[in-house]
Amino acid sequence: MISHVSRRETLIGLGAVSATASARAITPAGNDAAALLDRLAWQLLALVPERATTLGVDTGVHAGLRRTLEDRSPAGVAARQQFLRSGLRDLGRVSRAGLDASMATSLAVTQTAFQTALDGMALPYGVATIGDWRNTPYGVIQNVGSWLDVPQMLDGDQPVRDKADAEAYLARLAAMPAQLDGETTRIRQAREQGVVPPSFLLDKTIVGMTGTIAAAAKTDGPLVGPLARKAAAVPGDWTTQAARIVARSIVPALERQLAELRAQRAVATDAAGLGTRPHGPEWYAWGLRAGTTTRRSATELHEMGRARLTELQAQMDAILRKAGLTEGSVAERTISYQRRPGIGFPDGDEGRRQIVAYMQARVDAIRPRLPDAFRKLARGHLEIRRMPVAQEPGAPAAYGGPGTIDGREPGKVWVNLGDPSIHNRVTIPDLVYHEGIPGHVWQGEYAQRLPLMRSILAFNAYSEGWALYAEQLADELGMYADDPAGRLGYLMGLAWRAVRLIVDTGIHALGWSRDKALAEFIAATGLPRSNAVSEVDRYCAWPGQACGYEVGRAEIVAQRARAKAALGPRYDLRDFDQAVVDGGNVPLDVLAMNVTRYIKG
């Protein structure tokens, strides 16, 4: 594995390599795997420059990436396909002889990510990402699209420290209309093929985009507001310039996209899943493959979810009975438990403030216990932020990820505070451990010590499986020893992920309606209806993604059991966990190979 310091030196040394250079053949005499991976990484970042900003590597000779946006037009998709084909050719020509295990893993991981994405892009519609998790048959929907992505990036990741940064911010605003129009072209083409989202998703999207258009050019709006705050100490009339770009160029592009969404709504049905859509079963099979990094069938995953749910509800029942709740289903009793005094938070802004404070307290409480689970501690640099308001109606309760590689921007746990009632002292702890520490933010910092390509690429089953395993670690570290409410929430969270297997496959393979999916979800979890609606609608928009959580967790736990059996008294949790995070974000078959190497070592 390349150390953090040597990797930064490597990036500087490769600075003269153009991010847009065409792929070169790798000769047997020049099998420099590290150089190839870095070249491919910069080429990929040129195609998806927003990720360079998220990672904090859009600096120096790569500072131009901070000014541009991904091309989401049909031509942009074609360019990404060409990059993937060329990259796969070059990766296939690199000799593995003499490579250390870490570099061999990096090559295999990159090949898998590229091939999976290329296969997804061969489908006739939708968005197939390269090493990301938001794969969707619908290019613009309640939780997908430039109308959401750009404001969040500008708010959370785009730095504005000087004049050049402020100009880069304006350049990205100026690039947004083309990105929007590229999306609009693709969703229009999908409609012409008979593919439109379910009516209830379009209703959410239309309401959200209408609100974004109304607020777009305001000084405190989602596009101008971040610049107004960040550039306060930078001389120049940046806010006025930004508002002009938004009003003259971005709002008209949003209105064009909104008109297309309304055209889709006019022909939409309430059919929730892909089964009724052209090439739907084919798309869902790929979505499951991308979401789980396995070839498991929908039937197998559905049955896996049912069995896991039965096991978890037995544990929840024991807690509820101890609390004096003995009548009704497990879900009904968990609802009753959450209504008890002292469990919820006040309404309005005071409740939102208390929710964030409670989340921060959980982060602070687990930090001293992490040396019991890891040999080498990451920094765990994070902050808890409210999601952009426009995103909240279509978003989950929270999500998180690491900050920039150089540590200047912290990792973030974005919390949905549109409806504070979805959060309480039952549901918050496992959410914090999942999204923050030792979940996504924590694991992401280890991944950032690997070659740049490994920081870019992610695999849904590993990412979400690790975060779910992180919830289990919190329990094993004693975080719920004196917190029965939190432990009930932890079990509810695990049950929630088991239900995802059931509901996702029910919607897309078994033909379930949205109402049936909601009924199954609520009956199994006891989560509030508002939470259930957000979740089920997300499964409709991202087919297959929701299945990665429990599949990934179960595989990590299975590998841990294998390590215990093989090592006996030499087994140490700290060594196992370190091997898993140091191996980076990988497909599940590669995870098994990494654990085998750890056992032998």
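The values are calculated or read from the model by the stated rules, or taken from the named source; none is laboratory data. What you are looking at is a predicted structure, and each value in this text was computed from that prediction instead of being measured. Here the Cβ positions follow ideal geometry from the backbone for every residue, glycine too, while neighbour counts run over all protein chains shown. Note: areas computed on protein heavy atoms with side chains; ligands, DNA, RNA excluded. Shrake-Rupley method; radii C 1.70, N 1.55, O 1.52, S 1.80 Å.
Remarks
- A cut-off of 5 Å between modelled amide H atoms, ignoring neighbours fewer than 5 places along the same chain, links residue 382 with 411.
- Label-to-label distance, nm, for residues given as residue 220 and residue 530 (7 Å Cα→Cβ offset): 2.1
- Cα→Cβ-extended label distance, 7 Å offset, between residue 558 and residue 229, nm: 4.4
- Derived value for the stretch 509-601: Kirkwood hydrodynamic radius 15.8 Å. Basis is the mean of 1/r over every pair of different alpha-carbon atoms.
- The chain, accessible area per residue, ligands and nucleic acids excluded (1.4 Å, Å²): 37
- Most positive-pole-ward Cα, 97, 60, 49, against dipole of the stretch 42-111 from beta carbon charges: 97
- Antiparallel bridges, percent of DSSP beta bridges restricted to the chain (to nearest 5): 55
- Here, the stretch 104-249 has an Rg and a Dmax of 17.9, 51 Å when only alpha carbons are counted.
- If both residues of a DSSP beta bridge must be in the stretch 349-488, then about 45% of such bridges are antiparallel.
- Across the cross-link table entries 322/516; 412/564; 204/516, which are compared at the Cα atoms, the separations over 27 Å belong to 322/516; 412/564.
- Charge dipole magnitude, Cβ of K and R +1, D and E -1 - the chain, Cα centre, debye nearest 20: 660
- Modelled label positions at residue 592 and residue 513, each set 7 Å beyond Cα in the direction of Cβ, lie 4.1 nm from each other.
- For the stretch 110-151, the direction-averaged projected area of the alpha-carbon convex hull comes to 3.1 nm².
- For the stretch 378-393, putting each phi into the Karplus relation 6.51 cos²θ - 1.76 cosθ + 1.60 with θ = phi - 60° gives couplings of 6, 6, x, 7, 8, 9, 9, 10, 6, 4, x, 4, 5, 7, 4, x Hz, in residue order, rounded to whole numbers and with x for Gly and Pro.
- Accessible area of the chain belonging to carbon and sulfur atoms, whole % at 1.4 Å probe: 54
- Candidate values [x] 108, 72, 54; [y] 65, 59, 51; [z] 86, 58, 46, label of the one derived for Cα extents along the principal axes in Å: [y]
- Convex hull volume of the Cα atoms of the stretch 491-533, normalised per residue: 54 Å³.
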